[in-house]
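Written below as structure tokens is the structure these notes are about.
The values are calculated or read from the model by the stated rules, or taken from the named source; none is laboratory data. Just so it is clear, the model here is predicted, and its values are computed rather than measured. Here Cβ is always computed from backbone atoms with ideal geometry, including for glycine, and neighbour counts include all displayed protein chains. Ligands, DNA and RNA are excluded from the accessible area calculation, which covers all protein heavy atoms including side chains. Shrake-Rupley method; radii C 1.70, N 1.55, O 1.52, S 1.80 Å.
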Amino acid sequence: MEFICVTLMIIIGITDSTADQFAVVGPVDPLIVVSGEDVILPCSLKPNISAVNMRVKWFRLDLKDSVVHLYENHEDKNTNQLQSYRERTEVFKDELQKGNTSLKLSRVQISDEGLYKCLIQSKTNYDDITVDLIVEAVGSHPLITVDGFDVSGGLHLQCESKGWNPEPELVWLDSEGVTLTSESTDKQRETDGFRVKRMITVYNRDSKYHCRVIMRHHMMETEIITSSKMFNSWSSSVILISVGSVFIVITAVLIIVCVYRHRELPREERRLKNEHDRLSMIEKGTVKSLKLLLRKYAVNVTLDPDSAHPCLIVSDDGKQVRYEEQSGTVKDEDQNSNNKFDVRTCVLGNEGFTSGCFYYEVEVKGLSDWFVGVARESVKRKGYISLNPENGYWMAGLRYEGYQASEDPSVSLSLSVAPQTVGVFVDYEEGRVSFYDVKSMCHIYSFIDKSFNKKLYPVFWHIDFAPIIICDL
């Protein structure tokens with residue numbers, strides 16, 4: 001009899017353990033929703049066992065203290081919920097019995113865009129999935145203004161529109177529908193979406209020009225007709241300003257000549273000026289042998305797998321890293337390691353630098369989510385970290401189909417061609433980190449006048465299944 005009881009207990013234990021095995025499943029592709037609408041973030045158990053007695057936690061991967069919704073002990077417990085999500089979230093309690101743990105998010109805002117983690121826990125098991133939410137917002141109708149003139153008789157036309165997400169494309173077209181080249185473009189990310197400005201100079205009187213804003217399936221357009229009256233009103237002003245400009249230039253030249261006749265720059269000042277001019281030439285990409293000059297400072301960079309987030313797989317030679325979604329239990333050594341990033345999918349290089357200049361190149365062809373740059377040795381690796389200079393990161397890359405520099409706030413970058421390979425140049429003493437499109441050697445962005453007083457390491461942020469590849473130089 002005792003043997004039978006023990007056997008039954010073992011069978012029941014095995015049955016209960018087996019019944020509690022599950023995986024969490026959700027969408028592979030990003031969800032796209034229009035601002036102001038409701039959206040359901042899918043998440044469910046496989047097989048479809050009941051989640052009524054489980055803990056269901058939704059939180060943001062890209063925010064600190066990021067509880068979006070918490071269900072446990074048969075009720076919602078949202079005391080620590082982010083303020084912006086109050087009274088906008090709910091799980092379908094009637095569906096929990098079927099293993100449906102999806103989250104409904106009402107009245108979606110642009111600030112809701114990001115990565116959401118759905119974590120399901122039972123007494124003996126847990127699993128999670130990540131849902132990528134992209135919020136579209138249609139901005140204001142483009143506004144055209146006449147923004148001055150030049151001495152050659154052209155009118156500066158500026159077009160501006162705001163409140164878009166993701167970043168839209170703004171183009172100028174002539175009356176025949178031909179796209180015009182603009183002199184300047186300004187793009188800024190604000191709390192209510194992207195603001196874009198673009199200016200052109202036109203010379204044709206009594207002609208029609210169109211400003212068009214395009215974002216995926218949305219488009220808005222405004223037109224303006226230039227008249228002879230516009231040009232005539234500017235002509236007299238051009239003459240007066242031209243005369244004044246000539247007078248100012250002549251005065252400035254005379255002052256400079258007088259100063260340099262009586263004083264030469266000291267040797268140290270001349271050296272600093274020459275170095276500044278050299279860096280400026282590099283910055284503008286006007287040095288014919290720029291690639292050779294940068295590669296003079298090339299260093300061998302390999303990746304440190306001991307620093308890599310558990311979802312990042314580093315190749316044996318340390319030259320490649322790719323993202324691989326993990327599920328189930330995280331290894332204890334990964335969870336307890338002080339060296340590994342545990343939220344940000346980052347990895348550092350093995351080699352650190354405390355002086356001089358160094359340069360490396362990274363292949364990013366075909367990638368959709370990546371950042372490269374340098375980081376201080378002492379950066380925080382646990383929890384959510386904003387990858388900006390204040391926290392010891394100087395990085396640039398691509399996120400949500402938009403190129404950015406990791407300033408605070410981030411700076412949107414307007415690139416005419418997607419770079420296949422990116423070069424990273426660091427001048428430790430000058431406090432400069434610069435990024436280049438290696439194929440064209442066009443300058444992408446620079447952090448300047450920074451104060452580096454600790455060892456710097458190459459750093460990579462990656463959330464793409466295709467690998468980042470470090471080039472051999």
Please specify each residue of the range 99-133 satisfying the condition of being polar (S, T, N, Q) and not in a strand (DSSP E or B).
T101, S102, S106, Q109, S111, S122, T124, N125
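Could you tell me whether K439 is assigned to a loop (DSSP other than H, G, I, E, B), basic (K, R) and out of contact with any Asp or Glu (no Cβ under 9 Å at 6 or more places or on another chain)? Don't jump to the end; show me each part of the working.
Details: assigned to a loop (DSSP other than H, G, I, E, B): yes; basic (K, R): yes; out of contact with any Asp or Glu (no Cβ under 9 Å at 6 or more places or on another chain): yes.
When the stated conditions are applied, K439 passes them.
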Could you check, for the range 134-154, whether at least one of its residues is part of a loop (DSSP other than H, G, I, E, B), open to solvent by 60 Å² or more (accessible area, probe 1.4 Å), out of contact with any Gly (no Cβ under 6 Å at 6 or more places or on another chain) and without any contact (Cβ under 8 Å) to a residue 60 or more places away in the chain?
yes
Restricting the search to the range 408-437, which residues are under 16 Å from G392 (Cα atoms) and among the aromatic types (F, W, Y)?
Y428
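Could you list, in sequence order, all residues of the range 308-330 that are modelled with pLDDT of 75 or more and surrounded by fewer than 13 Cβ atoms within 10 Å (Cβ to Cβ)?
As a first pass, look at the range 308-330 and keep what is modelled with pLDDT of 75 or more: 308-325.
Matches in the range 308-330: D316, D317, E324, E325.
If you take the residues in the range 179-193 that are assigned to a strand (DSSP E or B) and among the acidic types (D, E), which one is surrounded by the fewest Cβ atoms within 10 Å (Cβ to Cβ)?
Taking the range 179-193 first, the residues assigned to a strand (DSSP E or B) are 179-180, 184-190, 193.
Now restrict to residues that are among the acidic types (D, E): 186, 190.
Working: D186: 14, E190: 12.
Going through the qualifying residues, I end up with E190.
From the set of residues in the range 28-45 that are over 18 Å from T89 (Cβ atoms) and modelled with pLDDT under 95, which is most open to solvent (accessible area, probe 1.4 Å)?
If we filter the range 28-45 for residues that are over 18 Å from T89 (Cβ atoms), which is where we start, we get 28-30, 32, 34, 45.
So of that shortlist, the ones also modelled with pLDDT under 95 come out as 28-30, 32, 34.
Values: V28: 137, D29: 109, P30: 64, I32: 97, V34: 49 Å².
Only one residue tops the list, namely V28.
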Within the range 52-83, residues open to solvent by 40 Å² or more (accessible area, probe 1.4 Å), in a strand (DSSP E or B) and touching a residue at least 12 places away in the same chain (Cβ under 8 Å) come out as R55, K57, F59, E72, D76
Any residue in the range 89-109 that is surrounded by 17 or more Cβ atoms within 10 Å (Cβ to Cβ) and among the charged types (D, E, K, R)?
no
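Considering each residue of the range 442-473, count those that are in contact with a helix residue (DSSP H, G or I) (Cβ under 6 Å, 6 or more places away or on another chain) and either open to solvent by less than 20 Å² (accessible area, probe 1.4 Å) or closer than 26 Å to Y400 by Cβ (or both), and give that number.
The qualifying residues number 1.
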Collect the residues in the range 369-386 that are farther than 17 Å from Y436 by Cα and in a strand (DSSP E or B), keeping them in residue-number order.
A375, R376
Just to be sure, is E333 modelled with pLDDT under 90, among the charged types (D, E, K, R) and more than 27 Å from C43 (Cβ to Cβ)?
yes
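From G397, G366, grab the single residue that is part of a loop (DSSP other than H, G, I, E, B) and in contact (Cβ under 8 Å) with a residue 24 or more places away in the chain. Please lay out each step first, then the result.
On the way: G397 fails: part of a loop (DSSP other than H, G, I, E, B).
Result: G366 is the single residue among G397, G366 that is part of a loop (DSSP other than H, G, I, E, B) and in contact (Cβ under 8 Å) with a residue 24 or more places away in the chain.
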How many residues of the range 155-173 are touching a residue at least 60 places away in the same chain (Cβ under 8 Å) and either touching a helix residue (DSSP H, G or I) at 6+ places or on another chain (Cβ under 9 Å) or in a strand (DSSP E or B) (or both)? The answer is 4
Per the filter on the range 110-133, residues open to solvent by 30 Å² or more (accessible area, probe 1.4 Å) and among the aromatic types (F, W, Y) are Y126
For a quick check of your reading of the model, give me the residue pairs whose first member lies in the range 407-421 and is free of Cβ contacts under 8 Å to residues at least 60 places away in the same chain and open to solvent by less than 50 Å² (accessible area, probe 1.4 Å), whose second is of a type in the set (S, T, N, Q) and assigned to a loop (DSSP other than H, G, I, E, B), with beta-carbon atoms closer than 7 Å and at least 6 apart or on different chains.
E407/N388
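Would you check if E176 is surrounded by fewer than 18 Cβ atoms within 10 Å (Cβ to Cβ) and either in contact (Cβ under 8 Å) with a residue 24 or more places away in the chain or assigned to a strand (DSSP E or B) (or both)? Show your work before the answer.
Details: surrounded by fewer than 18 Cβ atoms within 10 Å (Cβ to Cβ): yes; either in contact (Cβ under 8 Å) with a residue 24 or more places away in the chain or assigned to a strand (DSSP E or B) (or both): no.
Against the criterion (surrounded by fewer than 18 Cβ atoms within 10 Å (Cβ to Cβ) and either in contact (Cβ under 8 Å) with a residue 24 or more places away in the chain or assigned to a strand (DSSP E or B) (or both)), E176 does not qualify.
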